[in-house]
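Worksheet: one structure, shown below.
Taken together, the values in this text are just the output of simple stated rules run on the coordinates, not laboratory data. If you're wondering where the values come from, they're calculated on a predicted model, not measured in any experiment. Because the Cβ atoms are built from the backbone with ideal geometry, glycine has one as well, and the counts that use them run over all protein chains shown.
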Amino acid sequence: MSFVPPTADLMLALRTVGGLDSMSEQDAETIIAEAGRFAAEQLAPLSRAGDTIGVTYANGTVTTVPGWRNAYRMWCEAGWSSVNGPADFGGQDLPMVMTVACAELWNAANLSFALSPLLTNGAIEAIAAHATPELKAHYLPKMIAGTWTGTMNLTEPQSGSDLSGLRCRAERAGDGTYRVSGTKIYITYGEHDCSENIIHLVLARLSDAPPGTRGISLFLVPKFLPDGRRNDLRCSAIEHKLGLHGSPTCTMIYGDGGGATGWLIGEENRGLTCMFTMMNNARLLVGVQGVGVAERATQMAFAYARERKQGRAVGRSEGLSAIIEHPDVKRMLLEMRSKTIAARLLCMATAAAMDGARHAEAALLTPLAKAFSTDIAVEVASLAVQVHGGMGYIEEAGAAQLLRDARILPIYEGTNGIQAADLVVRKIRLDGGAALGALLLSCTHELEAVSDAKAVHLLATLKSCCHMLLQVAENRALFCSTQVLRALSMLVAAAHMRKAASMAGDTPEGIAMRSNADFIVHACLVGEVARCEALLAMPEHGPDMVS
Ligand SMILES: Cc1cc2nc3c(=O)[nH]c(=O)nc-3n(C[C@H](O)[C@H](O)[C@H](O)COP(=O)(O)OP(=O)(O)OC[C@H]3O[C@@H](n4cnc5c(N)ncnc54)[C@H](O)[C@@H]3O)c2cc1C
C-alpha cells in the first residue's frame with residue numbers, strides 16, 4: 001500500500017508545541033512536504049523488498065537489497081543526511097522538531113532504511129560534543145554528508161541493559177591512539193555496502209580502569225583508517241530476526257589481528273557520559289520510529305476498512321457494508337489514530353523542549369517519548385492486523401511486516417522497562433520534583449483552558465500517585481514504574497491534543513482532533529490512572545510475589 005505523508009498532521013503538531021523559533025512555518029512546511037515526497041516515492045517502495053529479500057552476509061561483507069544503495073545515495077544528495085548536523089561541519093542545523101518531523105516520514109516509509117541515519121545522527125552528536133577538533137574536522141563533514149555512516153557499539157553477549165559488565169578492551173598504543181579488541185553483538189548497520197566508510201563508536205575498558213560503569217571509555221574506530229588501510233575489525237555474522245530484515249544486525253569482532261586502531265572520545269573512563277549525550281536524542285528518535293510505524297499501520301487499516309465489504313452495518317437496509325461502518329472496526333481505527341497522534345505530539349513536545357534548552361523538561365519527557373511511542377506502535381500495528389482480519393496475518397497485505405518490524409522498538413535503545421525505571425528513580429526526582437511539578441502545572445493550564453474537567457481530575461489523581469511514588473521504597477516504585485510512565489505519557493499527550501484541537505478550531509482537523517483527544521482521555525487515560533492507583537495500593541508483598 002502506498003504511503004501518504006501526513007504533512008498537515010505534522011504541521012499541526014509543530015504549531016501546537018512551538019519550537020520553530022528559528023524558521024518560518026512556510027519553510028517548515030516546504031521541507032516536510034519535500035521529505036514526504038522523497039519518503040513516499042523513493043523509500044516506501046523498497047520496504048517490502050527489505051522484508052522479503054533482506055540483507056545478505058558472505059565472507060564478512062553485507063549486501064543490502066537491490067535499490068537500497070541507490071536510494072541512500074539519492075537521500076544524501078538531496079541533503080537529508082545533514083538536516084540537524086552542526087553548521088560548522090556542513091550541517092543545516094535545523095531545530096530538533098524538524099529532525100523529528102522528517103524522521104517520522106523516513107520511518108513510516110521504510111523503518112529498516114531509516115535506522116542507519118538514526119545511528120549516524122547519534123554518532124555525529126557524540127563526536128561533535130566530545131571529540132578533539134582534529135577528529136571533528138576529519139569525521140564530521142563526511143558523516144554529515146552521509147558519505148560515511150556511524151554505529152553505536154554498546155551491547156556484548158553478557159552485557160545488555162547493564163553495561164557494567166562490558167569486557168571489550170582498549171590499550172594505549174603510546175602514540176595517542178588505542179588498540180581496541182573484543183566482541184560486540186546486535187550492532188545495527190555494523191557492516192553494509194551503502195557508504196564508503198563506517199565509523200564505529202565503541203565502548204571499551206582500559207586495563208587499569210576501575211570496575212563497573214565508571215571504568216568505561218568511548219572510542220572512535222573507523223572501518224577504514226585515515227591512510228586508507230582497513231582497520232582490524234570485521235563483521236562475523238548477521239542476525240536472523242523477527243523483523244527489520246532490511247537492516248543488518250551485526251556481530252562485530254574488533255582486534256583479531258592485535259587490536260583495532262581507535263581514538264578516544266572525551267576523557268578516559270568517562271565514556272558513558274559521552275554516550276549519554278547522544279542517547280537522549282537517540283531515545284527520542286526511537287520513539288519517533290514508533291510514531292512512523294503507527295502512522296503507516298493506521299493508514300493501511302483505514303484503506304483496507306474502506307475497501308473491504310462484509311456484513312450489513314446497523315441502519316443499512318441493503319447490500320454489504322464496508323467494514324469501516326461497523327462500530328467495533330470504527331473503535332479500532334479511532335484507537336489507532338488517537339494513539340498515533342498522542343505519540344506524535346509527545347515526541348514533538350520533547351523535541352521542542354530540547355530546542356528550547358529546557359533541559360529538565362526534556363530529560364523528563366525523553367523516557368516517556370521513547371517508551372510510550374514504541375509501546376503504542378506495537379499496539380497499533382497489532383490492531384492493523386486485526387482490522388485486516390485473516391488478510392492481516394498473510395504477509396502480502398503488509399500489516400504483518402509492520403507488526404514484526406515494530407516489535408524491536410520497545411526493546412532496543414534502553415528497553416521500556418529501563419525507561420520506566422529511569423523515570424521513577426531519577427527523572428521525577430529532578431530538581432527535587434520541580435520538573436515534574438512544572439510539567440503537571442502546564443498540563444493543568446492546557447486542560448483548564450478547554451474546560452476538560454475529567455482530565456483535570458485525572459491529573460490530580462496521577463499527581464498524588466507520583467507523590468506517593470516519592471514516598472515508597474524503591475522496589476515498590478519500580479514495580480509501578482511502567483504503569484506510571486504510561487499514564488503520565490497519556491496525560492501529557494492529552495493536554496497537547498486538547499491544545500491542538502482548540503488551535504485548529506472548527507476545521508475538519510480540529511473536529512477530528514477533538515474526538516481523538518476525547519478517546520485518549522475517556523477511553524485510555526481513565527483506565528491508565530486507575531491502574532496506577534491499583535498497583536500502588538497493592539499489598540506490600542506485591543512486588544515479591546513472583547518467585
Ligand atoms: C535488532 C536489534 C538492533 C540492535 N542494535 C543495537 C546497536 O546498534 N547497538 C547496540 O549496542 N545494541 C543494539 N541492540 C541491543 C539492544 O540495545 C539490547 O538488546 C537491549 O539493550 C537489551 O539488552 P539485552 O538484550 O541484553 O536484554 P536484557 O538486558 O537481558 O533484558 C531482558 C529483560 O530484562 C529487563 N531488565 C533487565 N535489567 C533490568 C533492570 N535493571 N530493571 C528492569 N528491567 C530490567 C529488560 O527490560 C528486558 O525485559 C540491538 C538489538 C536488536 C535486537
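Here region 436-547 is treated as a Stokes sphere of Kirkwood radius computed over C-alpha pairs; at 37 °C and 0.692 mPa s its diffusion coefficient rounds to 223 µm²/s. Start at zero, step by 5 Å, and the Cα-Cα distances of region 287-342 spread as 4, 21, 25, 19, 14, 9, 6, 3, 1 percent across the bins. Relative to its residue count, region 390-474 spans a Cα convex hull of 166 Å³ per residue.
Rounded to the nearest 500, the 222 nm mean residue ellipticity of the chain from helices alone is -17500 deg cm²/dmol, with -39,500 (n - 2.57) taken per DSSP H run of at least 4 residues. Helix 508-518 axis versus longest C-alpha principal axis of the chain: approximately 90°, rounded to the nearest ten. Among the listed pairs 339/427; 184/223; 136/184, a Cα-Cα separation exceeding 18 Å is found for 339/427; 136/184. Using a Debye calculation, one point per C-alpha and no hydration shell, please list log10 I(q)/I(0) for region 350-447 at q = 0.10, 0.14, 0.20, 0.24 Å⁻¹ in order. Values returned for q = 0.10, 0.14, 0.20, 0.24 Å⁻¹ are -0.39, -0.65, -0.94, -1.14.
Each peptide in 115-122, 373-380 gets a packing score, the mean of other Cβ atoms within 10 Å over its residues, and the list from highest to lowest is 373-380, 115-122.
Note on residue 241: aspartates and glutamates with a C-alpha under 12 Å away, same-chain residues under 8 apart excluded, are 51, 405.
An ellipsoid equivalent to the chain, defined through the eigenvalues of its Cα gyration tensor, has semi-axes of 38, 28, 22 Å when rounded to whole angstrom and sorted largest first. The slack in the chain from residue 193 to residue 208, taken as 0.36 nm per residue of separation less the alpha-carbon distance, amounts to 1.7 nm. Taking Cα atoms only, the orientation of helix 68-77 departs from the longest principal axis of the chain by about 90 degrees.
With the highest mean first, a sort of the peptides 33-40, 8-15 on other beta-carbon atoms found within 10 angstrom per residue produces 8-15, 33-40.
Shown here are the Rg and Dmax of the Cα trace of region 34-113, at 14.0, 41 Å. Where Rh is the Kirkwood radius over the Cα pairs of region 170-251, the temperature 4 °C and the viscosity 1.567 mPa s, what D in µm²/s does Stokes-Einstein return? It comes out at roughly 91 µm²/s.
Compared with the dominant Cα axis of the chain, that is its longest principal axis, helix 133-145 is turned about 50°. Rounded to the nearest whole angstrom, the semi-axes of the ellipsoid equivalent to region 76-195, taken from the Cα gyration tensor as √(5λ), stand at 27, 20, 12, largest first.
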